[in-house]
Amino acid sequence: MHVDIAQTEQRAAVVVEKSDGAMLVRRGLLTTLLAVFLFLVFFFYNFQTVLVDGHSMEPTLKDKQRILVCKALWLVGAPKKGDIVVIRADAPGDYLVKRVYATEGQQVDYAYQPENYDFSLGKYVVPEGHVYVLGDNLSVSEDSREFGPVPLTKILGKVVEY
């Protein structure tokens, strides 16, 4: 019996190449699945959808509109004037959606000062660690004019998509 050593070596090399290729495909697939899993974990911990309830943010946001909120303020920055934020209400699962009118240390115009504020003290200044929020539809909005400034600890996050 005659065995061709060169032909046997070629067959062995083809088998090794095929198994190396399959291993690379498996490794690539596993890496992709791990990346997708990590992205989903990151997304679910740092983002949330909220349903707008009411007309206080019209015309910007409509009643029953879904908005995407980034809870990771380190990612999008601290709330600043003009940002739309979601505030945790007193009842679990309830939220308020408002626009930041002023941040700590900033003055609030007379027309928007809290209802119970003594005007003889001058312009109202937002206390440290708080934001002053208003609805875009001022005639129907319950906001900082009624309940005062909002502690930053009650801010769920900033609206990033609406």
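Coordinate-derived values only; no laboratory data. The structure displayed is predicted, hence computed values, not measured ones. Heads up, the Cβs are rebuilt from the backbone with ideal geometry, glycines too, and the neighbour counts pull from every protein chain shown.
Descriptive notes on the structure:
- Spin-label pair residue 53-residue 146: with each label point 7 Å from Cα along the Cα-Cβ axis, the two points sit 1.4 nm from one another.
- Assuming charge only on the beta carbon of Lys and Arg (+1) and of Asp and Glu (-1), the dipole of the stretch 52-161 about its Cα centre is about 420 debye to the nearest 20.
- Vicinal HN-Hα couplings computed from phi for the stretch 145-158 (Karplus, 6.51 cos²θ - 1.76 cosθ + 1.60; Hz; Gly/Pro x): 5, 9, 9, x, x, 9, x, 4, 5, 8, 7, 6, x, 9
- Helical content alone sets the calculated 222 nm signal of the chain at -10500 deg cm²/dmol, taking -39,500 (n - 2.57) per DSSP H segment of four or more residues and averaging over every residue.
- Rel. contact order, % - alpha carbon contacts under 8 angstrom, at least six apart, the chain: 23
- Which labelled figure in [x] 1.02; [y] 1.46; [z] 1.08 is Rg/Rh (Cα atoms, Kirkwood Rh), once derived from the coordinates: [y]
- Positive minus negative residues near residue 119 (Lys, Arg vs Asp, Glu; Cβ under 14 Å): -1
- Once both labels are positioned 7 Å from their Cα atoms along Cα-to-Cβ, the gap between residue 137 and residue 43 label points is 3.1 nm.
- Separation between Cα centres of the stretch 49-70 and the stretch 142-162, rounded to whole Å: 13
- If you plug the beta carbon distance of residue 75 and residue 154 into 1/(1 + (r/R0)^6) with R0 = 22 Å, you get a FRET efficiency near 0.70.
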